[in-house]
Amino acid sequence: MDMSLWWESFLALLTPEVLMFNVLGVLIGIVIGALPGLSATMAVAILTPITFWFAPACGFAMLIGVWNSAIFAGGITAVLINTPGTPASIASTFDGYQMYRQGRGGLALGINVIYSAFGGLISTLFLIFLAFPIAAFTVSFGPTEYFMLALFGLMMMISVSENNVVKGMAVGFAGLTLSTVGIDPILAVKRYTMDSTSLAAGISFLPVMIGMFGLGEVFNQIYEHKKSDEASAVAMIKQAAAKLGRILPTFKEIKQFFRPTTLAGVESTIIGAIPEAGADIASIICWGQAKKLSKHPEEYGKGSAEGFAVSCTSNNGVLGGALTTMLTLGIPGDAVTAILIGSLMMYGMQPGPKMFTEDTGFVMQIMQLMILSNVAIVIFGLLSAKMSARILNAKPQTVWVGVIALCVVGSYALNNSFSDVLLMAVGGVVGFFFKRGGFAPGPFILGLLLGGMLESNLRRALVMSQGSVSIFFERPVTLVLMILIVLTLCFSLFKRMFKRRNSK
């Protein structure tokens with residue numbers, strides 16, 4: 001790397017205009033990311049046409065700022081109202097909301113800011129130093145590798161099943177079954193759509209996720225609410241907000257979080273470099289693996305600060321990997337990078353290996369904008385952390401109305417479709433019954449999310465091998481993933497046997 005060109009491009013970014021657009025993008029991303037359903041993809045898509053009026057450095061400064069901050073901001077609502085603001089924050093609901101209910105809301109909001117930026121910086125370092133090796137490795141992935149990756153992700157059903165693995169697996173396979181609704185990925189014919197045009201594209205997991213985690217939680221709170229306890233409930237909420245206390249983790253906590261969060265940052269970067277594998281998948285996989293390696297796995301899902309730090313790290317840790325694949329090979333690592341490819345082409349640049357030789361300075365500026373965006377996230381995120389909790393000082397009814405309104409607006413804004421609102425409502429009812437029956441909604445969302453990827457790549461691989469399963473044993477990457485799946489299952493079984501023996 002030419003260090004003189006690196007410093008020259010960096011100094012070109014340190015202008016009032018570029019910094020202003022970057023900060024503006026971060027602030028817009030925080031607002032949009034915190035609203036359930038208004039994803040980072042939507043934010044970048046809305047702002048992309050506007051950036052064409054600006055210089056490339058200013059336009060990309062805004063887009064990179066929005067992208068990074070919207071992913072992190074999804075954890076704000078995950079902590080405060082148990083509703084992930086973006087799909088990447090699904091795993092943040094496992095521990096973040098419990099931390100808030102336990103009176104550690106300030107710490108949860110602080111961890112969300114610090115470790116989201118930490119994950120973003122780790123992935124940016126990979127982007128800077130290991131862009132070509134990672135991209136060259138992932139571009140060789142075929143249907144067998146994608147199938148094994150999806151299967152590996154589904155193994156996390158065991159980790160997100162809370163305390164009842166049987167119920168978790170049952171719910172997970174229900175989500176896996178619903179993922180088959182829509183167009184057949186191989187034959188391109190409708191199946192299980194009941195002649196409904198709205199189901200032809202399949203069941204989108206995002207409205208279902210908003211309904212289960214948002215509307216389902218509201219229904220459950222309304223069901224358990226008693227008017228006689230309203231005054232005490234409001235007092236407890238105000239007391240909890242007043243007791244947000246410290247936001248920054250202690251040195252002891254930072255030392256405890258260092259190993260699992262660093263590992264999560266590396267894992268999520270690699271997952272992000274794989275096309276189609278996004279932050280939602282990475283956060284669940286990293287959280288599940290961290291739980292297995294933790295000294296206190298029983299705390300995960302019950303307000304573990306370590307588990308929450310891992311999920312926050314993996315949220316933004318994906319971005320550098322996705323950007324690596326986009327810049328070096330011109331392949332979008334996720335939906336946002338697909339939009340960014342279009343933006344670069346509008347600026348007259350072609351993402352791919354040639355961009356590193358023809359537009360080297362701008363490539364370096366994109367990397368540097370990732371660093372500046374994460375620094376801005378830490379500054380503005382910590383300054384606004386306590387302010388974001390004041391919404392819960394209102395009466396429960398006010399909070400419920402606000403959450404329902406956000407769920408409706410967010411689900412409708414996805415595709416401007418009323419069908420998504422109905423799907424969100426159905427998801428809310430199902431989520432309510434899940435809560436009453438002791439079923440964790442996480443495995444259901446996981447099955448619905450990974451089902452399409454699992455089925456399509458399995459069938460493509462079998463078509464390539466003319467029905468022979470030997471194709472899954474012929475590629476080294478597939479074998480490595482298969483071994484990891486077996487080790488994950490064995491580790492879970494041995495761990496449960498060990499705990500039973502110790503309890504006896």
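The values are calculated or read from the model by the stated rules, or taken from the named source; none is laboratory data. From a predicted model like this one, the values you see are computed outputs, not experimental measurements. Here the Cβ is made from the backbone with ideal geometry for all residues, glycine too, and neighbour counts use every protein chain on show.
For the stretch 37-55, indicate whether the set of residues that are at pLDDT 80 or above, among the aliphatic types (A, V, I, L, M) and either assigned to a loop (DSSP other than H, G, I, E, B) or out of contact with any Ser or Thr (no Cβ under 7 Å at 6 or more places or on another chain) (or both) is non-empty. Yes: one or more hits. One residue stands out in the stretch 346-404 among those that are more than 23 Å from the chain's Cα centre (by Cα), of a type in the set (G, A, S) and closer than 20 Å to F54 by Cα: the one that is modelled with the highest pLDDT, namely G361. Remark: pairs (first residue in the stretch 419-441, of a type in the set (S, T, N, Q); second residue assigned to a helix (DSSP H, G or I); Cβ separation under 8 Å; 6+ apart in sequence or on different chains) = S419/S198. If only residues of the stretch 184-210 that are surrounded by fewer than 15 Cβ atoms within 10 Å (Cβ to Cβ) and of a type in the set (A, V, I, L, M, F, W, C) are counted, the one that is nearest to the chain's Cα centre (by Cα) is A201. Would you be able to say whether some residue in the stretch 182-201 is modelled with pLDDT under 75, assigned to a helix (DSSP H, G or I) and out of contact with any strand residue (DSSP E or B) (no Cβ under 9 Å at 6 or more places or on another chain)? Yes, the stretch 182-201 contains at least one residue that is modelled with pLDDT under 75, assigned to a helix (DSSP H, G or I) and out of contact with any strand residue (DSSP E or B) (no Cβ under 9 Å at 6 or more places or on another chain). Of everything in the stretch 211-246 that's of a type in the set (V, I, T) and at pLDDT 80 or above, which residue is nearest to the chain's Cα centre (by Cα)? Ranking the candidates gives V218 first. Selection within the stretch 90-110: residues that are touching a helix residue (DSSP H, G or I) at 6+ places or on another chain (Cβ under 6 Å) and outside any helix (DSSP H, G or I). The member of this set that is nearest to I247 (Cα to Cα) is G103.
Answer yes or no: is there a residue in the stretch 95-106 that is among the hydrophobic types (A, V, I, L, M, F, W, C) and buried (at least 24 other Cβ atoms within 10 Å of the Cβ).
Going residue by residue through the stretch 95-106, those that are among the hydrophobic types (A, V, I, L, M, F, W, C) are 99.
Within this subset, residues satisfying the condition of being buried (at least 24 other Cβ atoms within 10 Å of the Cβ) are none.
Looking through the stretch 95-106, none of the residues is among the hydrophobic types (A, V, I, L, M, F, W, C) and buried (at least 24 other Cβ atoms within 10 Å of the Cβ).
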